[in-house]
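The values are calculated or read from the model by the stated rules, or taken from the named source; none is laboratory data. Bear in mind the structure is a predicted one, so any value in this text is a computation, not a measurement. Backbone-built Cβ (ideal geometry, glycine too); neighbour counts: all protein chains shown. Just so you know, the surface numbers come from the protein's heavy atoms only, side chains and all, with ligands and any DNA or RNA stripped out. Shrake-Rupley method; radii C 1.70, N 1.55, O 1.52, S 1.80 Å.
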Amino acid sequence: MKAIIAATILGIVMMFAGIMVKNKSSVVALATVLLFLLLGVNIWDIINTPANQPQAYFNNMLRVDRFSLWFNALMTGCTCLYALLIGKEIKKVGAHVAEYFALIIFILCGLYILSSYSNMLMLFIGIEILSIPQYILAGSDKKNLKSSEASLKYFLMGAFSTGILLMGITLLYGATGSFSVMSFSFLQADTLNPLALSGIIFIIIALGFKVSAAPMHMWTPDVYDGSPTAFTAFMATIAKAAAFIAFLKLFSGSFGSISSRWTIVLSVVTAATLLIGNVTAVFQQSVKRMLAYSSIAQAGFMLFAILAVNAVAWQGIIIYAIAYSVATIGIFTVLMKLKDYTYDGFNGLAKKEPLLAFVTTIFLFSLAGIPLTGGFMAKYYVLYAAVAQGHLLWLVIFGLLMAAISVYYYFRVIIAMYFKQGDPELNSPVSSGDKFLLVLTCLLVLLIGVVPQLFLNGI
Amino acid sequence: MGIYEVLFWFLTIMAIGCALGVILSRNPINSVLFLIATFFAISGHYLLLNAQFLSIVNIIVYAGAIMVLFLFVIMLMNLNADVEPQKSKLLQFAGMIAGGILFLVILAALRTASMSTIDKEATDIGLITNLGKVLFTQYVLPFEISSVLFLSAMIGAVVIGKKEDHVIEGAE
């Protein structure tokens with residue numbers, strides 16, 4: 001609760017800082033300080049909340065437990081990392097730097113709501129607070145036609161999916177007479193009202209849209225490709241993880257008792273997401289667009305955690321969210337250093353910037369799920385959870401097959417960097433500060449892979 | 001059949017008929033006008049449910065503000081002619097089949113649904129006093145937190161709408 005209040009206040013502070021502070025570099029520095037302050041508030045919140053004692057606020061609108069607080073803290077930490085690595089690039093997007101950071105802090109506020117909501121009204125408001133700033137960030141590069149297209153497309157499709165979400169909530173309310181997430185856990189699979197079932201299907205469609213699960217993924221490549229790269233890095237990682245935590249809390253938490261009724265729908269969605277994400281990524285020429293498809297593919301793996309409905313899955317989603325976010329933010333940082341976003345733009349990077357090429361390799365290893373990196377542990381946790389569930393072995397095997405395909409398009413970048421001749425053009429020289437931060441990010445990726453328990457300590 | 005039932009059926013038929021008119025009419029202006037009529041019919045339903053405040057808000061906000069803005073945009077963009085691009089026949093057919101199947105499935109599922117929690121007694125929950133009380137006690141958090149949502153929407157309006165007069169400066 002403290003974090004939600006702090007995020008709101010700091011967002012407003014950031015907004016007014018746009019009037020007071022004219023220098024863009026000072027705005028970025030201020031935003032970074034405020035984000036670290038927010039991380040401090042999150043940690044303070046964790047220390048003050050005893051384990052295994054969920055706290056309900058405002059007539060059970062929010063239910064804060066250690067799991068949600070820990071997720072909040074980790075994601076705020078990722079945002080701090082994002083601000084350190086990519087803050088400089090945000091300056092180049094447009095004139096309203098302070099406003100962009102204010103929107104990012106408001107997205108964090110939405111994330112805090114989504115990780116601890118206990119009422120469908122809060123879910124709706126959280127999803128909207130998460131989405132509306134994203135529509136704006138997508139269109140922030142006003143002189144770029146592709147950015148405007150991305151924003152409009154995202155907004156129209158997003159508004160449509162919000163309508164479907166509301167329809168689902170309405171149907172569920174009609175069947176149960178309650179908005180409270182708690183009351184849904186008393187639903188029985190054999191006496192389930194068809195009204196509630198159609199509501200659940202509508203909610204799967206709407207939340208599937210927000211996490212870009214196939215066949216609701218159509219917007220993802222265009223939006224992620226068209227948006228300014230600095231904001232794509234945020235939308236594809238932290239904002240997506242927030243939508244996933246909401247999905248997990250509702251389905252694994254509240255609809256867990258009736259999982260037999262929706263597992264088949266969601267497993268088909270998962271299989272389609274894995275197939276479309278991985279196979280289409282193979283054919284891309286631009287690395288940025290490949291990363292957009294890879295984010296669809298990674299969403300497919302995160303869906304395993306929702307399907308599994310057990311405690312391991314809840315740990316898995318945290319590990320997956322942090323491993324995927326850190327690696328993706330890292331790879332986008334490297335991508336923004338380059339002028340040419342195609343695979344050919346990476347040709348010969350290892351000769352020119354050996355360190356940059358090396359950290360990129362580690363990030364790509366993590367995304368592909370090679371052992372010793374965070375991505376391997378993340379995939380291990382979610383797939384293990386799905387195996388433990390018992391009926392999903394076919395999907396797990398299919399997932400492993402798709403992970404093998406993903407190695408192909410991630411390694412294409414590595415091959416371009418190390419084995420092809422070329423002289424990649426850099427946007428700006430890589431400063432020693434950048435190098436230090438990238439190595440730190442790289443170490444974080446390895447740390448998640450070696451001691452994942454470290455990132456589950458706070459639950 | 002009392003006056004209540006007569007009004008109910010009249011408003012229901014009006015709402016569904018006008019909603020069909022929205023999607024079936026070719027002219028965008030007719031669509032918008034049909035939509036306004038639909039909102040009025042739904043406001044009538046709210047009145048029948050003894051929810052005066054909701055009914056008035058629905059008319060003022062939706063029929064009044066939003067739809068007039070809609071009409072403005074359509075007239076400004078001069079969309080009154082039949083200019084919408086024609087979809088291919090195959091696409092139309094596929095859409096019809098998909099939508100029809102969804103409609104059938106939901107209809108079949110909801111046929112057996114039990115609609116138990118209908119309150120037969122007249123209730124005062126829709127009156128402005130009660131609504132205000134509930135809004136500021138039980139639902140105070142969503143009410144207050146939606147301010148963050150509106151604030152970010154306002155920032156968006158400024159960020160997107162404001163003219164960028166100075167040239168975007170490079171790094172440092």
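Take the Cα of B:LEU49, step 7 Å toward its Cβ, do the same at A:MET167, and the gap between the two points is 1.8 nm.
Multiplying each eigenvalue of the alpha-carbon gyration tensor of the range A:265-318 by 5 and taking the square root yields semi-axes of 24, 12, 5 Å, largest first, rounded to whole angstroms.
Helical content of chain A, expressed as a calculated mean residue ellipticity at 222 nm, amounts to -25000 deg cm²/dmol (DSSP H runs of 4 or more residues, -39,500 (n - 2.57) each, divided by residue number, nearest 500).
In the range A:71-126, what trypsin sites (Lys or Arg not before Pro) fall in a loop by DSSP, with at most 13 other Cβ atoms inside 10 Å? Each step should come with its number before you reach the end.
Values: sites: A:LYS88, A:LYS91, A:LYS92; in loops: none.
Loop-located and lightly packed - none at all.
Quick one: which of A:LYS88/B:LYS162; A:LYS210/A:LYS420; A:LYS142/A:LYS352 span more than 28 angstrom between C-alpha atoms?
In this structure, A:LYS210/A:LYS420; A:LYS142/A:LYS352 exceed 28 Å between Cα atoms.
Take every pair of alpha-carbon atoms less than 8 Å apart whose residues are at least six positions apart; their mean separation over the length of chain A yields a relative contact order of 14 percent. Burial here means at least 50 square angstrom less accessible surface with every protein chain in place than with the chain by itself, probed at 1.4 Å; in the range B:144-163 the buried residues are B:ILE145, B:VAL148, B:LEU149, B:LEU151, B:SER152, B:ILE155, B:VAL159, B:ILE160.
Share of the range B:1-80's accessible area from carbon and sulfur, percent, 1.4 Å?
Working: 4200 of 5200 Å².
Summing carbon and sulfur atoms, their accessible area is 81 percent of the total for the range B:1-80.
If each Cα of chain A is one equal point scatterer, what is log10 of I(q)/I(0) from the Debye formula at q = 0.05, 0.08, 0.09, 0.10 Å⁻¹? The Debye formula, applied to the Cα set alone, gives -0.16, -0.42, -0.54, -0.67. Overall shape: oblate for chain B, with the ratio a/c of the largest to smallest alpha carbon gyration tensor axis at 1.5 or above and b/c at least equal to a/b. If R0 equals 22 Å, the separation of the Cβ atoms of A:ASP423 and A:LEU355 corresponds to a calculated FRET efficiency of about 0.80.
Taking the convex hull of the Cα atoms, report for the range A:1-46 its projected area averaged over all directions, in nm².
On the way: hull surface 11.3 nm².
Over all viewing directions, the range A:1-46 projects a mean Cα-hull area of 2.8 nm².
Peptide packing: for A:151-164, A:345-358, the average count of neighbouring Cβ atoms within 10 Å per residue gives the ranking A:345-358, A:151-164, highest mean first. Using a simple spin-label model with pseudo-atoms 7 Å out from Cα toward Cβ, B:PHE136 and A:PHE160 lie 4.1 nm apart.
For the range A:120-216, what does the alpha-carbon gyration tensor say about shape, rounded, prolate or oblate, given a ≥ b ≥ c as the root eigenvalues, a/c under 1.5 as rounded, and a/b over b/c as prolate? Working shown, then result.
Numbers: a/c = 3.63, a/b = 2.54, b/c = 1.43.
In terms of gyration-tensor shape, prolate.
Would you work out the charge dipole size for chain A about its Cα centre, treating the Cβ of every Lys and Arg as +1 and the Cβ of every Asp and Glu as -1, and quote it to the nearest 20 debye? List each step's numbers first, then the result.
Values: 26 positive and 16 negative charges, 105 e Å.
The dipole magnitude comes to about 500 debye.
Using the Cβ-Cβ distance between B:ALA153 and B:ILE101 with R0 set to 35 Å, the FRET efficiency from 1/(1 + (r/R0)^6) comes to roughly 0.45. Take every Cα-Cα pair in the range A:88-134 and report what % of them are more than 16 Å apart. When every Cα pair of the range A:88-134 is considered, 43 percent fall beyond 16 Å.
Which of rounded, prolate or oblate describes the range A:252-350 when judged by the alpha-carbon gyration tensor and an a/c cut-off of 1.5? Oblate, since a/c reaches 1.5 and b/c is not below a/b.
Of the residues in the range A:179-211, those shielded by at least 50 Å² of accessible area once partner protein chains are present, compared with the chain alone at a 1.4 Å probe, are A:PRO194, A:LEU195.
Over all alpha-carbon pairs in the range A:358-454, figure out the percentage whose distance exceeds 22 Å. Don't skip to the answer; put the middle values down first.
Numbers: 2002 of 4656 pairs.
In whole percent, the long-distance tail amounts to 43.
Stokes-Einstein diffusion coefficient for the range B:1-80 at 4 °C in a medium of 1.567 mPa s, Rh from the Kirkwood formula over Cα pairs: what value in µm²/s? Before the final figure, lay out each step's value.
Working: Rh = 13.2 Å.
In µm²/s, the coefficient is 98.
Across peptide A:11-24, how many C-beta atoms of other chains are within 10 Å of each residue C-beta, on average?
Mean partner-chain Cβ count within 10 Å for A:11-24: 1.
Per residue of A:128-134, other chain Cβ atoms within 10 Å of the residue Cβ number 5 on average.
Total accessible area buried between chains B and A, 1.4 Å probe, in Å² to the nearest 100? Let's see the in-between values first.
Values: alone 14070 and 17040 Å², together 27880 Å².
For chain B against chain A, roughly 3200 Å² becomes buried.
Choose one of A:LEU84, A:ILE129, A:MET157: the residue whose Cα lies farthest towards the positive end of the charge dipole of chain A (beta-carbon charges +1 Lys, Arg; -1 Asp, Glu; about the Cα centre). Result: A:LEU84, furthest along the dipole toward the positive end. The residues of the protein assembly as shown have, on average, 44 Å² of accessible surface per residue, using a 1.4 Å probe with all protein chains present.
I'd like the carbon and sulfur percentage of the solvent accessible area for chain A, probe radius 1.4 Å, heavy atoms only, ligands and nucleic acids excluded. Taking all protein chains in place, chain A shows 70 percent carbon and sulfur surface.
Across peptide A:94-103, the mean count of Cβ atoms from other chains lying within 10 Å of each residue's own Cβ comes to 4.
A simple packing score, the average count of other Cβ atoms within 10 Å per residue, orders the peptides A:289-296, B:52-59 as A:289-296, B:52-59, with the highest score first.
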